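These notes are about the structure you will find just below.
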Amino acid sequence: MAERAVERHRVSIRLACECLGISPSCFYYQPKLSSENAVIADLLLRLATTNRRWGFGLCFLYLRNVQGYVWNHKRVYRIYREPELNLRIRPKRRIKRDKPDALSVPVSTNQVWSVDFMSDALSDGRLLRTFNVIDDYNREGLTIEVDLSPPSLRVIRALEQIIEWRGKPDAIRMDNGPEYIARALVDWANDKRITLMYIQPGKPTQNAYIERFNRTVRHEWLDLHVFDLIEQAQLSASRRDHRQSRPRADRPPGAMVPSWCRTGTSSASPRPTSSLTSASPGNRHLLPQRVPPPLISRQPAAPGISSQTPPKRVPTPQRGPRHSRLRLDQPSGLR
């Protein structure tokens with residue numbers, strides 16, 4: 001308005017500012033647009049494209065604690081809102097339930113492991129199952145075994161392979177599935193002097209650590225890919241690492257560090273790249289017999305140092321229509 005008054009009525013800047021009640025410094029002010037705003041916008045766009053389930057909190061924690069940028073959260077959020085990258089959260093009706101007992105928190109690695117199965121399907125409709133194992137102390141994903149229907153002997157073999165490079169756990173928490181109550185697994189645990197901790201039937205919250213890990217696997221891997229062959233899913237599982245760079249929202253900045261430099265992690269030999277690539281005589285018949293088509297996969301980030309409180313059950317943020325899964329020939333975005 002002051003500029004319009006100066007141009008139309010030919011009055012001085014001082015008089016125009018006094019009539020409109022503004023300061024002359026406000027009239028001469030020129031906004032200073034930092035060149036880093038474009039860098040921030042590009043990083044946020046790439047993160048939102050690659051990790052579709054991440055909101056502003058995880059994106060900011062990744063930039064601050066993993067990448068090492070020191071931008072203010074208000075500045076990053078302002079740039080995050082301009083292209084409307086924020087997730088649209090649908091309100092969910094809350095059901096009042098009795099508060100369960102607190103889940104025990106281990107005090108060291110290899111004290112308690114949690115295991116569980118997940119189900120998905122190939123593009124032709126055949127069902128596949130994943131066998132997930134984590135360490136309850138630091139929520140570290142130890143392996144993801146993929147097969148059509150893994151029996152109890154396959155479970156034993158996967159646990160043996162983890163013990164070779166990480167060490168033996170004191171106890172393993174699991175549900176009451178047929179693979180876990182099999183006599184072969186019970187005899188193996190007795191020989192290894194490992195306690196099998198079975199949860200109550202119909203109480204998955206008693207195994208909350210692995211259930212939270214299953215959500216990450218489901219939302220950031222299985223829901224975003226379509227596999228034509230079981231070998232493709234096995235190869236993708238061997239390439240993924242959910243522990244390295246996923247930020248933790250419930251931990252301070254020191255939590256987002258690689259697993260090899262955490263305190264309390266095992267000092268055993270490095271983790272093998274895949275349990276499917278073992279060339280031992282007992283595993284050769286399980287190796288893929290043909291080379292699958294090239295697979296484009298994403299590299300999500302993984303939990304850092306463990307929290308001293310059990311994970312809370314929160315509603316899953318969703319955005320409008322569900323996004324379709326990525327086929328193998330689609331670009332993967334941020335690398």
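The values are calculated or read from the model by the stated rules, or taken from the named source; none is laboratory data. Predicted model, so just to flag it, every value in this text is computed and none were measured. Ideal geometry is used to build each Cβ from the backbone, glycine not excepted, and the neighbour counts take in all protein chains shown. For accessibility, only protein heavy atoms count, side chains too; no ligands or nucleic acids. Shrake-Rupley method; radii C 1.70, N 1.55, O 1.52, S 1.80 Å.
Miscellaneous remarks
- Figure note: E84, E36 ranked by solvent-accessible area, largest first, 1.4 Å probe, ligands and nucleic acids not counted: E84, E36.
- For region 129-147 versus region 65-80, the gap between their alpha-carbon centres in whole angstrom: 32 Å
- Protection proxy ranking, highest mean first, for peptides 56-69, 13-26: 56-69, 13-26, where packing is the per-residue count of other beta-carbon atoms within 10 Å, averaged.
- Per-residue surface analysis assigns H73 an accessible area of about 90 Å², computed on protein heavy atoms at 1.4 Å probe radius.
- Label-to-label distance, nm, for residues given as A38 and R93 (7 Å Cα→Cβ offset): 5.1 nm
- Each residue of region 6-23 is assigned a 3J(HN,Hα), and the resulting list reads 5, 6, 7, 9, 6, 9, 6, 5, 4, 5, 5, 5, 5, 5, 8, x, 10, 7 Hz, derived from the Karplus form 6.51 cos²θ - 1.76 cosθ + 1.60 (θ = phi - 60°), x at Gly and Pro.
- Order by protection proxy (mean Cβ within 10 Å, highest first), peptides 191-201, 228-238: 228-238, 191-201
- Average accessible surface area per residue within region 95-199, 1.4 Å rolling probe, Å²: 47 Å²
- Label point distance in nm, S108-E82, each placed 7 Å from Cα along Cα→Cβ: 5.2 nm
- Within the straight-line cut-off of under 14 Å between alpha carbons, the aspartates and glutamates reachable from K203 are D98, D101, D116, D175, E211, sequence neighbours fewer than 8 places apart in one chain being disregarded.
- Simple spin-label estimate for T205 and K168 gives 3.5 nm between the two label positions (7 Å along the Cα-to-Cβ direction from each Cα).
- Segment I230-R8, length gained on full extension (0.36 nm per residue, minus Cα span): 72.4 nm
- Region 1-66: Cα Rg divided by the 2.2 N^0.38 Å rule of thumb: 1.98
- Zone of L196's modelled label, taken as backbone nitrogen in region 154-176 under 16 Å from a point 7 Å along Cα→Cβ: 154-160, 169-176
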